[in-house]
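Step one of this worksheet: look at the structure below.
The values are calculated or read from the model by the stated rules, or taken from the named source; none is laboratory data. Since the model is a prediction, treat every value here as computed from it, not as a measurement. No Cβ is skipped: glycine too gets one built from the backbone with ideal geometry, and neighbour counts run over all protein chains shown.
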């Protein structure tokens, strides 16, 4: 198979590209930079997914596109989120159709169906909310709809909703957590009983490869969306404290209520918007809601349609994570 991965320098994109390479597939990666951590035999092209001409050139002769590129922040200019997450995805779809790519696997997010209250064991039948707390989930939802609507006789599409990807090499979740812990800035939001889904990096990669194998004209998975996770939600604050404990850091002892954090987030958003401050506020309404509410999902449909099952269990994943933090060269 000749596969192309957008955002191939990112955590998930790199994992998909390396896994495909290990399986002897012909892999191309596109991104804004050259990524030296990828195997040299993986072809790399530098460009922007908002450039349709660039995409037409790189998509030619490709059998499957894994679209992981996105603007994933929770703070920023609305036009940046829209141009990358929506217009960029629209261009990916156009490029696939113009060059005859038959398969498109899109990395969405469970946040596309998150308003501000808990989601406990919901499946893919849940509707999109009327309002969003930030531009990332709003624009990812628009993009997900575009991918679903693009499914046709010419292009088979599927969208995956992995939640909180973690593991060795994670440049976002764990480093930010540990950095805040080292600065004494970790504060529990809410009562600490909320449960969330997480997904180990190898499981997220596996889900994408299974999705690619499953789609095709007339296949049950074509044109659908799927929640994927490690299969068992964790107590968010218990899991965070476990990471802190295993990295020899003190547990979180301070806490504030969800309403207080949400009000603080609203206030800071107003201040940062008024003064046009580019830096992400230390608290936003979206961040408060993500840290205080439960959000875990029924992955039965992914198991049935895609044949997805986690390949790395939680304890093994945690052991690998801690080992990678103590010996980064091994990962």
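When the residues of the stretch 145-162 are narrowed to those that are in contact with a helix residue (DSSP H, G or I) (Cβ under 8 Å, 6 or more places away or on another chain) and surrounded by 23 or more Cβ atoms within 10 Å (Cβ to Cβ), which ends up nearest to residue 63 (Cα to Cα)? Filtering first and then ranking leaves 157. Please work out if residue 50 is touching a helix residue (DSSP H, G or I) at 6+ places or on another chain (Cβ under 6 Å) and assigned to a loop (DSSP other than H, G, I, E, B). Criteria met by residue 50. In summary, residue 82 fulfils each of the numbered conditions (1) crowded, with 17+ Cβ neighbours inside 10 Å; (2) out of contact with any strand residue (DSSP E or B) (no Cβ under 7 Å at 6 or more places or on another chain); (3) farther than 26 Å from residue 136 by Cβ with the single exception of condition (3). For the condition in contact (Cβ under 8 Å) with a residue 60 or more places away in the chain, closer than 18 Å to residue 101 by Cα and crowded, with 22+ Cβ neighbours inside 10 Å, residue 20 qualifies.
Checking 28, 58 one by one, the residue that is under 26 Å from residue 143 (Cα atoms) and part of a helix (DSSP H, G or I) is 58 and no other.
When the residues of the stretch 59-70 are filtered to those that are surrounded by fewer than 23 Cβ atoms within 10 Å (Cβ to Cβ) and out of contact with any helix residue (DSSP H, G or I) (no Cβ under 6 Å at 6 or more places or on another chain), the one that is nearest to residue 32 (Cα to Cα) is 62.
Here residue 17 does not qualify as assigned to a strand (DSSP E or B) and touching a strand residue (DSSP E or B) at 6+ places or on another chain (Cβ under 7 Å). Apart from one condition, residue 72 fits all of (1) in contact with a strand residue (DSSP E or B) (Cβ under 6 Å, 6 or more places away or on another chain); (2) over 24 Å from residue 216 (Cβ atoms); (3) touching a residue at least 24 places away in the same chain (Cβ under 8 Å); the exception is (1). Tell me, please, whether a residue that is surrounded by fewer than 17 Cβ atoms within 10 Å (Cβ to Cβ) and within 22 Å of the chain's Cα centre (by Cα) can be found in the stretch 100-109. No: zero hits. Look at (1) at pLDDT 95 or above; (2) surrounded by 15 or more Cβ atoms within 10 Å (Cβ to Cβ); (3) in contact with a strand residue (DSSP E or B) (Cβ under 8 Å, 6 or more places away or on another chain); (4) over 18 Å from residue 140 (Cβ atoms) and you find that residue 48 fails only one, number (3). Each residue in the stretch 149-173 was checked for being part of a loop (DSSP other than H, G, I, E, B) and over 23 Å from residue 97 (Cα atoms), and 8 pass.
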